[in-house]
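*Asks:* Below is one structure. I have some questions about it.
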Amino acid sequence: VSARGRVLLVDDRPEILGFMLLGLELAGFEVEVARSGEEALARLGEHGADVVVTDIFMPEMDGLEAIDRIKARFPRTRIVAMSSGAAGMQDYLASARLIGADATLLKPFATSELVRLVRELSGQVAEDAPRQPAGI
Amino acid sequence: VRIFPRRNLAYRLALLALIAALPLALVALAHRVPPAVVIFTLAVSLIAAHAYARGKMREMAALADMAGRVGGNEPLPAPFASSVAQIQRAAVEEAERTRDVFIATLSHELRGTLTAMLGWLETARARIGERATLEKALDIVLRNARQQARIMDDLLDVSRIVSGKLELSAGPLELARLAREAIETAAPAAAEKAIALRLAAHEPVFIEGDRARMLQVIGNLLGNAIKFGKAGGWVSVSVERAGAQARVTVADNGLGIAPEALPHVFERFWQAHPAAPRARRGLGLGLALVRDIVELHGGRCRAESMGPGRGAHFTLELPLLANLLQSLSPEAGDDAECYLNGLGVVALDQNDDTLSWLQHLLATHGAMTWKAHTVDEAVALVAREHADILISDCALVGPGEELIRALHAAPAQKRVSAVVFSSHPTEEECRRALAAGYDAFVAKPCDPGVLLRAVKAAVERRRA
């Protein structure tokens, strides 16, 4: 039986947040969403999260900066970087890994792939420091 | 800096010979010098011109050669290398950067829309029993698929234009009406940002153009203005005549354009705010297409802005349709001015609905109307009722010309005016109808005012 993990999704497209949220909720996760890097940091400050899944191309604070700041303030949180970067350009997913992303997802991806990754990473968090099941 | 030393001596001599020989030949011609001398000097100037042109071509070839060597990292003549190569390298780098940004943006847009579509289709399949989720999924998939289709259309248009394969199907086009149509299409997007759309068009303005393409042009400008508009702001479209030009202006009180960006706004792949929120970014194709299409119509466009935060004006100028309608110059759109006091009108149309509409319209403005379904019927009615004007839907080149000939065959009917009222006329039909003797050409459908003014003006012209 898997522990219920907390997931924060960050993307500036609500349409992409929407299906990810439904997919992860169906898999038993507690999910929050944020539309920007700033908002993501605020949400993490309030409730924390085991796994953050963030887009890399975002206006204002870009995804790489967000990853860097999340890693600095919430070192236990696992991070998945999503990108639609083009070949031939700078390889943003590689940069994300370098900065501290634990896994990467190239858009478009299957929801099952997202769920598998998040489950794996939240499992690692649970092993690091087993969470107390909330209430009984 | 002497880029082309010595070897171009011949070319310089040729230029001198050209400068000297041509005036000599002209002077000789003017002073009735024997033809042999004139021919000789002309021949010298021609040979000189030829040599000059060859020299020019050699110069081009040398430049191309240098450019090639820049790419191959070969050493260049010192003065040339430092200046020209630098400029070339900068240009190549800029072009590469623009191309990379474009490819990245395109990939981002396509993958983004595809991610949303695939994700929601999966969700819909997993939750097939939940009607609300299904509906939401379908809406999102539709919206994203449409956006992809738009991107593909723009890309195709650009490639057509670049390869010179964009074909226009031109015909008489009324811009005020077209602007109204574009505004109706843009209304939902404007409403989302609470942007007020205004139209200032006080007279019909005709150009010769491709309806779908010009709609695309005005639509792109409107979309752009809304995209960069302030929430709660306004976007206004005005259509007017300015001398021999039709002028369309799309203005907004939105983000504005920085002075250094102004010269680039119509460039292909250029983006206003690469770091702007997604909703404000694009592929940099919209305004480039506007410029390309307007130029294909023989027009020009320009962008003006007082600077960031102070709105922008986009102005198109297109040649007016050389059509009699242009001279009608109705001072105001007031139908009361179009009182057709007791005029006798014969209306010829295949369609009963159109005939009824015409009869009603003309009757409410004081005219007597007789309906005809065939050319013979129409000609007979004009003769019998001593009508002042014939309105005909017959734009077909053959029958339309026969009709006007038959109408004006009788001396008593020489002063009967004739107006073609036809849908989707081609430019050729329009020209030939006017040449055949029609007084005006009104494109169907049109505002009642346009037709009434055309009728009135046609009658006044014949009486004058």
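*Asks:* What is the set of long-range amide H partners of residue A:52 at a cut-off below 5 Å, with H atoms built 1.01 Å from backbone N?
*Replies:* Here A:8, A:78, A:79, A:80 satisfy the definition.
*Asks:* Is there a quick way to get the dipole size of region B:109-187? I mean about its Cα centre, with the Cβ of Lys and Arg at +1 and of Asp and Glu at -1; what is the value in debye to the nearest 20?
*Replies:* 240
*Asks:* Which lysines does residue A:71 reach when only Cα atoms under 16 Å apart count, and residues fewer than 8 places away in its own chain are ignored?
*Replies:* Filter leaves no residues.
*Asks:* A further question follows. Would you grab the residues whose amide H sits under 5 Å from the one on residue A:33? Only those 5+ places off in sequence or on another chain, please, with H modelled 1.01 Å from N.
*Replies:* Amide H neighbours of residue A:33, under 5 Å, 5+ apart: A:9.
*Asks:* In what order do A:20, A:82, B:368 fall by count of nearby beta-carbon atoms within 10 Å, going from fewest to most? Don't jump to the answer; show the numbers that get you there.
*Replies:* On the way: A:20 24, A:82 30, B:368 16.
Listing A:20, A:82, B:368 from fewest to most nearby Cβ atoms yields B:368, A:20, A:82.
*Asks:* Now for a different question. Would you mind pulling out the separation of the Cα centroids of region A:1-30 and region B:87-113, in Å?
*Replies:* If you average the Cα positions of each part, the centres end up 33 Å apart.
*Asks:* Pairs B:371/B:414; B:136/B:193; B:165/B:230; B:414/B:456; B:193/B:444: which are spaced more than 26 Å apart, C-alpha to C-alpha? Present the calculation step by step, with values, prior to reporting the outcome.
*Replies:* Numbers: B:371/B:414 21 Å; B:136/B:193 22 Å; B:165/B:230 37 Å; B:414/B:456 17 Å; B:193/B:444 35 Å.
Pairs exceeding 26 Å: B:165/B:230; B:193/B:444.
*Asks:* Once phi is turned into θ = phi - 60°, what whole-Hz ³J(HN,Hα) does the Karplus curve with 6.51, -1.76 and 1.60 give for every residue of region B:407-415, x standing for Gly and Pro?
*Replies:* So the J values, rounded to whole Hz, are 5, 8, 5, 7, x, 5, 9, 4, 9.
*Asks:* Same structure again: Which whole-Hz ³J(HN,Hα) couplings does region B:309-320 yield from phi under the Karplus relation 6.51 cos²θ - 1.76 cosθ + 1.60, θ = phi - 60°, glycine and proline marked x?
*Replies:* Couplings: x, 10, x, 9, 10, 10, 10, 10, 10, 10, x, 5 Hz.
FYI, it's all coordinate maths here, none of it is from the lab. Since the model is a prediction, treat every value here as computed from it, not as a measurement. Quick reminder, even Gly has a Cβ in these numbers, built from the backbone with ideal geometry, and neighbours come from all protein chains shown.
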